[in-house]
1. Hey, among A:Gln19, A:Gln85, which residue is polar (S, T, N, Q), out of contact with any Lys or Arg (no Cβ under 9 Å at 6 or more places or on another chain), within 14 Å of chain B (Cβ to nearest Cβ) and more than 30 Å from A:Arg136 (Cβ to Cβ)?
2. Filter segment A:14-31 for residues that are acidic (Asp, Glu) and either within 16 Å of A:Leu48 (Cα to Cα) or under 23 Å from the mean Cα position of the chain (by Cα) (or both) and give the result.
3. Among the residues of segment B:3-47, which ones are out of contact with any Pro (no Cβ under 7 Å at 6 or more places or on another chain) and of a type in the set (Val, Ile, Thr)?
4. Taking the criterion of being closer than 24 Å to A:Met160 by Cβ, in contact (Cβ under 8 Å) with a residue 40 or more places away in the chain and within 22 Å of the chain's Cα centre (by Cα), would at least one residue in segment A:41-55 satisfy it?
5. Hey, can you tell me all the residues within segment A:8-23 that are in contact (Cβ under 8 Å) with a residue 60 or more places away in the chain and more than 15 Å from A:Val104 (Cβ to Cβ)?
6. Of all residues in segment B:169-190 being surrounded by 15 or more Cβ atoms within 10 Å (Cβ to Cβ) and of a type in the set (Val, Ile, Thr), which is farthest from DNA strand C (Cβ to nearest atom)?
7. Could you check segment B:1-95 for strands (runs of 3 or more DSSP E) lying wholly inside it with 1 or more residues that are among the acidic types (Asp, Glu)?
8. Suppose we keep only residues that are over 22 Å from A:Val124 (Cα atoms) and within 14 Å of chain B (Cβ to nearest Cβ) within segment A:138-190. Which one would you say is farthest from DNA strand D (Cβ to nearest atom)?
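Please treat every number below as a calculation from the coordinates, not as lab data. Note that the coordinates shown come from a computational prediction; the quantities given were computed from them, not determined experimentally. Heads up, the Cβs are rebuilt from the backbone with ideal geometry, glycines too, and the neighbour counts pull from every protein chain shown.
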Number of protein chains: 2
Amino acid sequence: MLVVEDEVRLAAALQRGLQAEGFAVDVAATGPAGLDAARHGGYDAMILDVMLPGLSGYELVRRLRAEQYWLPVLMLSAKDGEYDQADGLDCGADDYLTKPFSYVVLLARLRALLRRGAPERPAVLAVGDLRLDPARRRVTRADAEVVLTAREFALLDYLMRRPGQVISKIELLDHVWDASLETAPNAVEVYVGYLRRKLGRDRLETVRGAGYRLAT
Amino acid sequence: MLVVEDEVRLAAALQRGLQAEGFAVDVAATGPAGLDAARHGGYDAMILDVMLPGLSGYELVRRLRAEQYWLPVLMLSAKDGEYDQADGLDCGADDYLTKPFSYVVLLARLRALLRRGAPERPAVLAVGDLRLDPARRRVTRADAEVVLTAREFALLDYLMRRPGQVISKIELLDHVWDASLETAPNAVEVYVGYLRRKLGRDRLETVRGAGYRLAT
DNA sequence: CTCGGTGCTGTGAACGCGCTGAGGACACCG
DNA sequence: CGGTGTCCTCAGCGCGTTCACAGCACCGAG
């Protein structure tokens, strides 16, 4: 369970309460940190405050859905206006609770979300004739399967979620290689080379001095 | 869309409003009528009042779930006590709205429910010539029975619910082995080995660095 | 053209993932 | 109390993967 909440007292209370229910709970205090944690995956569901430093809960869930992450999201907000609520849900949240809320209700709604579970969505990324299915961990190029190693797959996955954008080697090291300090930026060049060999030379463009871009 | 509501004016208003949104709407005015209609199937979701003649909304949804109907249920009630709400959700409803409610919010919540969709729970899992009957606890391969131990069965069960998808050892430990912290990931490897021996070498694919996949 | 910087790639070594056989712990049963 | 079956740990092995390194190619500026 992932809790994204910047009020320290509330976050701690939620963590304690949920742990008592048997959940493994991680807490993130800012929008960007929450987004990263959610991307990193492995959570059954997410409790998300709307007012967050760095990135609002609305925007967070919108990006998450745009990037094909479908974990259940329960949104928390002090705003009880009907349109606030509708906006939150239409951004992609699955439930919306206004503060102050009853802990009993929160738990019941969480159970309902988990029961329902995350559906297997059209979780297939497609760029040109390239297709990548994160769940099946399969990549095809013009309907022919391409076999990738774990690192190659993670790299292509990251690039395909932002097709056409230039992504720096540092950013790739941060997100595809977890311990970025340990690894030399050259490793990125090496793996881009591997991908080019398997996918075709001109699929990955080099932007000198800036990074790489996946051709659309 | 199925609306189960005995207040005629509210039911008519809901029907009109939802039809304006493009839903095909049927209305049932009593508990038993609602249950029958839901059983008959074909609805994407259901809006269900709690106070109904003949059969309460709680009981209705409980029976529905017991009979393996999984359509999304949005529960409506005049009771706004926290325990009323928790009870409704724990009976199997997916969302709970207290009267009076905002029509905008109702619609947003309905959209969220439909987006998420109803999970499928087939009685017998079948993948290729492999069949697994959870109720009878039997597995056959090309109509020949395969004898599995409890752990082997649980593992295959989990894998067969998501054929073709890659499932990590950690996830398997979490769901097939309850106490994941206690058990080494190697146990998964061992049991995959057992299953391969009993089911055939290439039924279970190893995806190095990621997990295992049941060949479709 | 020259030159510095940036990116590409072949080589090779170390690492660590996953597979397996052996065997201990435990429960159940005759 | 020994036999049987299941569960799981452990250690060793094979091999694919990862990544550092170094030399080379290429690009753009002067």
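1. A:Gln19
2. Result: A:Asp26, single match.
3. Within segment B:3-47, B:Val3, B:Val4, B:Val8, B:Val25, B:Val27, B:Ile47 qualify.
4. Just the residues of segment A:41-55 that are closer than 24 Å to A:Met160 by Cβ, to begin with: A:41-43, A:46, A:55.
The next check asks that each one be in contact (Cβ under 8 Å) with a residue 40 or more places away in the chain; those that pass are A:43, A:46.
Retained after the next criterion (residues that are within 22 Å of the chain's Cα centre (by Cα)): A:43, A:46.
Yes, because at least one residue in segment A:41-55 is closer than 24 Å to A:Met160 by Cβ, in contact (Cβ under 8 Å) with a residue 40 or more places away in the chain and within 22 Å of the chain's Cα centre (by Cα).
5. None; the set is empty.
6. First, pick out the residues of segment B:169-190 that are surrounded by 15 or more Cβ atoms within 10 Å (Cβ to Cβ): B:169, B:171-177, B:180, B:187-188.
With the extra rule that they be of a type in the set (Val, Ile, Thr), the set shrinks to B:176, B:188.
Working: B:Val176: 15, B:Val188: 8 Å.
The selected residue is B:Val176.
7. On the way: elements: B:2-4, B:26-28, B:46-49, B:73-77.
Output list reads B:26-28, B:46-49.
8. The qualifying residue farthest from DNA strand D (Cβ to nearest atom) is A:Asp178.
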